[in-house]
Amino acid sequence: MVKGERYLETLYNSYGQSFSIDKVLFESQTEHQHLIIFDNAQFGRVMALDGVIQTTEKDEFIYHEMLTHTPILAHGNAKRVLIIGGGDGGILREVLRHQRIEHVTMVEIDASVVEMCKTYLPNHSAGAFDDPRTNLVICDGREFVRNCQDKFDVIISDSTDPIGPGEALFTSDFYQGCANCLNDDGILVTQNGVCFMQLDEVTTTAKRLSPYFSDQSFYKAAVPTYIGGDMTFAWASHNPQQRQHNIDTIRARFEQANIRTRWYTPQLHLGSFALPQYVLDALAE
Ligand code: SAM
């Protein structure tokens, strides 16, 4: 919400962050959600949807590196990736840095987000939408996986919070659809909220994922503008080994990928799966 010269995030009623607005670059009510992109002295360009901060130029690398390199390097031989959401293109950019990836389908519900982020946040996608391996589909992610006949090695759900169109991407039938689209050794990871503030999202996702995946857990990373603590990522596969690789395996795969990162390291990969006791207790209930 814009109030005078400040943007007030409205994700939580009783707590929130605000940004000075140095310049509004774009604002509209799209077919699906309210979209604003503005300049802020601290975080550079900022994009918000329906009152919730989605991404900033300053800290986007943390989230985009952890939600891509962790599952792809854990898988070890990913060739086909499905991205659900991800309209700013940051996830697509990081996935395509893996030369062994042959095909990426990206399913985004709101074409305006893609177009406006290409225009005002060009460094997020950095040309990824023009990569010959990219197949952009504009539709609802839950519909897509419900009807998809293709199979993928890694599925990344880079959704908004479960508000408005994003709600569909936190449902059992979305997770069932993802399970149907994954190869036997496939891995699903999803944006799953800030566990200190949205612990119910963690426990609900665990309950909804477990009927379709024999191995389910979470990993985490601290992203400054996802306020309130660590951002939690849901993890689901049929092989517990894939989240329990030793450091030598992950380091060797990372070196072979020959990717320079600013946040992700093999040590952080392993450490990100260590969850706080209060989260473990909530999951055990
Ligand atoms: N990194 C951000 C976060 O953690 O909140 C998410 C960024 S990305 C902008 C979220 C994208 O999900 C948006 O582009 C939004 O349009 C898209 N989205 C929301 N609901 C969707 C749905 N049902 N199907 C496909 N895309 C959806």
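The values are calculated or read from the model by the stated rules, or taken from the named source; none is laboratory data. Since this is a predicted model, take the numbers as computed values, not measurements. Note: ideal-geometry Cβ built from the backbone for every residue, glycine included; neighbour counts use all protein chains shown. What goes into the accessible areas is simple: the full protein's heavy atoms, side chains included, and nothing from ligands, DNA or RNA. Shrake-Rupley method; radii C 1.70, N 1.55, O 1.52, S 1.80 Å.
Rounded to the nearest 20 Debye, what is the dipole magnitude of the chain about its Cα centre when Lys and Arg each give +1 and Asp and Glu each give -1 at the C-beta? Show your work: numbers first, answer last.
Numbers: 23 positive and 37 negative charges, 142 e Å.
About 680 debye.
Spin-label point model (7 Å from Cα, Cβ direction): what's the residue 278 to residue 77 distance in nm?
4.3
Listed highest first by mean packing, meaning other Cβ atoms within 10 Å per residue, what order do 212-219, 1-8 come in?
Ranked by mean Cβ neighbours within 10 Å, highest first: 212-219, 1-8.
What is the mean projected area of the alpha carbon convex hull for region 48-176, to one decimal in square nanometres?
7.4
Using θ = phi - 60° and the Karplus form 6.51 cos²θ - 1.76 cosθ + 1.60, what ³J(HN,Hα) does each residue of region 127-133 get, whole Hz, x for Gly and Pro?
Once θ is set to phi - 60°, the couplings for region 127-133 become x, 4, 5, 9, 5, x, 7 Hz.
Whole-Hz ³J(HN,Hα) for each residue in region 18-27, computed from phi via Karplus 6.51 cos²θ - 1.76 cosθ + 1.60 with θ = phi - 60°, x for glycine and proline: what do you get?
Ordered by residue, 3J(HN,Hα) equals 9, 10, 5, 9, 7, 6, 7, 8, 7, 8 Hz.
Counting only heavy atoms of the protein chains, get the accessible area per residue of the chain (1.4 Å probe) and round it to a whole Å² value.
42
From the backbone phi of region 270-283, what are the Karplus-calculated ³J(HN,Hα) couplings (6.51 cos²θ - 1.76 cosθ + 1.60, θ = phi - 60°) in whole Hz, Gly and Pro given as x?
With the stated coefficients, region 270-283 comes to 5, x, 5, 7, 7, 9, x, 4, 5, 6, 4, 4, 5, 6 Hz.
Considering only DSSP beta bridges with both partners in the chain, what is the antiparallel share in %, to the nearest 5? Each step should come with its number before you reach the end.
Working: 35 of 55 bridges.
Around 65 percent of the beta bridges assigned by DSSP in the chain are antiparallel ones.
Sequence gap at least 6, Cα distance under 8 Å: using those rules, report the relative contact order of region 198-285 to the nearest whole percent.
In percent, rounded to a whole number, it is 31.
Please report how far the C-alpha centroid of region 29-61 lies from that of region 197-213, rounded to the nearest whole angstrom.
A separation of 27 Å, based on Cα centres.
So how strong a dipole does region 82-227 carry about its Cα centre when Lys and Arg Cβ are +1 and Asp and Glu Cβ are -1, to the nearest 20 debye? Each step should come with its number before you reach the end.
Values: 11 positive and 21 negative charges, 47 e Å.
So the magnitude is around 220 debye.
Which of 159, 112, 14 ends up with the largest GNM mean-square fluctuation for the chain, with Cα atoms connected below 10 Å?
14
Extending each Cα 7 Å along its Cβ direction at residue 137 and residue 17, get the distance between those two points in nm, one decimal.
My value for the distance between the label points is 3.3 nm.
I want the local charge near residue 18. Using Cβ-Cβ distances under 14 Å, sum +1 for each Lys or Arg and -1 for each Asp or Glu among the other residues.
-1
Put a dot 7 Å past each Cα toward the Cβ at residue 146 and residue 8; how far apart are the dots in nm?
The answer from the label model is 3.7 nm.
Throw me the Rg/Rh for the chain, computed over C-alpha atoms with Kirkwood Rh, two decimals.
Looking at the chain, the ratio lands at 0.94.
Quick check: from the Cα gyration tensor, does region 112-230 come out rounded (a/c under 1.5), prolate or oblate?
Oblate is the answer for region 112-230, as a/c is 1.5 or above yet b/c matches or exceeds a/b.
Taking only Cα atoms, what is the 0 to 90° angle, nearest 10, from helix 111-120's long axis to the longest principal axis of the chain?
In the chain, helix 111-120 runs at an angle near 70 degrees to the longest axis.
Tell me the carbon and sulfur percent of the accessible area for the chain, rounded to whole percent, probe radius 1.4 Å.
Heavy-atom surface of the chain belonging to carbon and sulfur, 1.4 Å probe: 48 percent.
Starting from the alpha-carbon convex hull of region 10-100, give the projected area averaged over all orientations, in nm².
Across all orientations, region 10-100 yields a mean hull projection of 7.4 nm².
What number, in percent, do you get for the relative contact order of the chain if the mean sequence gap of Cα pairs under 8 Å and at least 6 apart is divided by its residue count? Mind showing how you got there, number by number?
On the way: 565 pairs, mean separation 44.5, N = 285.
Computed over the chain, the figure is 16 percent.
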